[in-house]
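The values are calculated or read from the model by the stated rules, or taken from the named source; none is laboratory data. Keep in mind it's a predicted model, so treat the numbers as computed, not measured. Backbone-built Cβ (ideal geometry, glycine too); neighbour counts: all protein chains shown.
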Amino acid sequence: MTEQIADAGRGISLAYERIGDTGAEPLVLVAGLGQQLHSWPDAFCAKLAERGYEVIRFDNRDAGRSTHPRFRPPSLLGMLAGRFPAQQYDLTDMAADTIGLFDALDLETAHIAGVSMGGMISQTTAALYPHRIRTLTSIMSTTGSRVLGRPALSTLRMMGAKPPKSREEAVESAVRMFRHIGSHGFPFDEAFVRELAGTGWDRDPTSGGVGRQLAAIMKSGNRTPLLRRITAPTLVIHGDRDRMVHPTGGAATARAIRGARLETVRGMGHDLPEGAWPTVLDLIDQHARSSDVPAS
């Protein structure tokens, strides 16, 4: 795994890694809000590679070592009122970034899987660039409806905390958050969360990216009509104990996409606990293999 930088066009550079054999079926993994490429765990990606995929994971814009715009993110009240800076991007821009990565890596088509905001980006990519997506897997994500897939009130209160100002604060904040939103039906791996948060701080200690990414979600609004345009075979995976994106969000996603299949993972919250990997890996693999024409 060697991290590289790709020119995704329009002034955006994306940090990425390729895992597995060159020439294997490409599977692009899209990270969630404020998360970086390593939020898809190394061992998880290695297991996908063992199943015959070349796994591509990357930092979205405003995360990790990818391009960070420098404008001030809007306030939460401003987002709710629909007031955004002129420079504010949305999910269609992040989908265009993803296709820019496809182009930079000479991927004519690929399978795509996204988690949380990454699921929203993956959905939008499949809707706007249908000829580029072999299969879509949307994990713990939603449609953008304000009445479905909402965070629990306790989660919203935690999201309102001040951003960390040091590596130590970032690590402790991540432990508190993932103890809350994580998979209460599986053991909590505190050591992994600490490592993930520490690596995230080391790669990107800047502020503002999460706020601008959240604004991209809010600016995009309810994407249900857009999701009806998706033609790629679609799998929706959601945990039944998700406090960040209520399971109604996964159900709404599956309803919006013609022919989509919803799979509920018992005990899973808003993370990918190692105990759930066998189920999630099987679901992603079996779904990708449902495509009868190899990706190229």
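Inspect the stretch 74-81 for any residue being farther than 26 Å from Thr142 by Cβ and surrounded by fewer than 24 Cβ atoms within 10 Å (Cβ to Cβ) and give the result as yes or no. Spell out how you get there, then give the answer.
If we filter the stretch 74-81 for residues that are farther than 26 Å from Thr142 by Cβ, which is where we start, we get none.
The answer is no; no qualifying residue exists.
Restricting to the stretch 152-201, what's the tally of residues that are over 25 Å from Trp277 (Cβ atoms) and acidic (Asp, Glu)?
3
Name the residues in the stretch 257-296 that are over 16 Å from Ser116 (Cβ atoms) and buried (at least 23 other Cβ atoms within 10 Å of the Cβ), would you?
Across the stretch 257-296, the qualifying residues are Ile257, Ala288.
Does any residue of the stretch 249-269 turn out to be assigned to a loop (DSSP other than H, G, I, E, B) and modelled with pLDDT under 95? Lay out the reasoning, then the answer.
Just the residues of the stretch 249-269 that are assigned to a loop (DSSP other than H, G, I, E, B), to begin with: 257-260, 266-269.
Remaining after also requiring modelled with pLDDT under 95: none.
For the stretch 249-269, residues assigned to a loop (DSSP other than H, G, I, E, B) and modelled with pLDDT under 95: absent.
In the stretch 153-187, what residues are surrounded by 15 or more Cβ atoms within 10 Å (Cβ to Cβ), in contact (Cβ under 8 Å) with a residue 40 or more places away in the chain and assigned to a loop (DSSP other than H, G, I, E, B)?
Gly182, Ser183, His184, Gly185, Phe186
Yes/no matrix, rows are residues, columns are (1) without any contact (Cβ under 8 Å) to a residue 12 or more places away in the chain; (2) under 22 Å from Ile217 (Cβ atoms); (3) in a loop (DSSP other than H, G, I, E, B); (4) in contact with a helix residue (DSSP H, G or I) (Cβ under 6 Å, 6 or more places away or on another chain):
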{"residue": "Pro26", "(1), (2), (3), (4)": "no, no, no, no"}
{"residue": "Leu48", "(1), (2), (3), (4)": "no, no, no, no"}
{"residue": "Arg61", "(1), (2), (3), (4)": "no, yes, yes, yes"}
{"residue": "Thr67", "(1), (2), (3), (4)": "no, yes, yes, no"}
{"residue": "Met79", "(1), (2), (3), (4)": "no, yes, no, yes"}
{"residue": "Arg83", "(1), (2), (3), (4)": "yes, yes, yes, no"}
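Name the residues in the stretch 188-239 that are closer than 26 Å to Leu77 by Cα, surrounded by 15 or more Cβ atoms within 10 Å (Cβ to Cβ) and of a type in the set (S, T, N, Q), would you?
Across the stretch 188-239, the qualifying residues are Gln213, Ser220, Asn222, Thr224.
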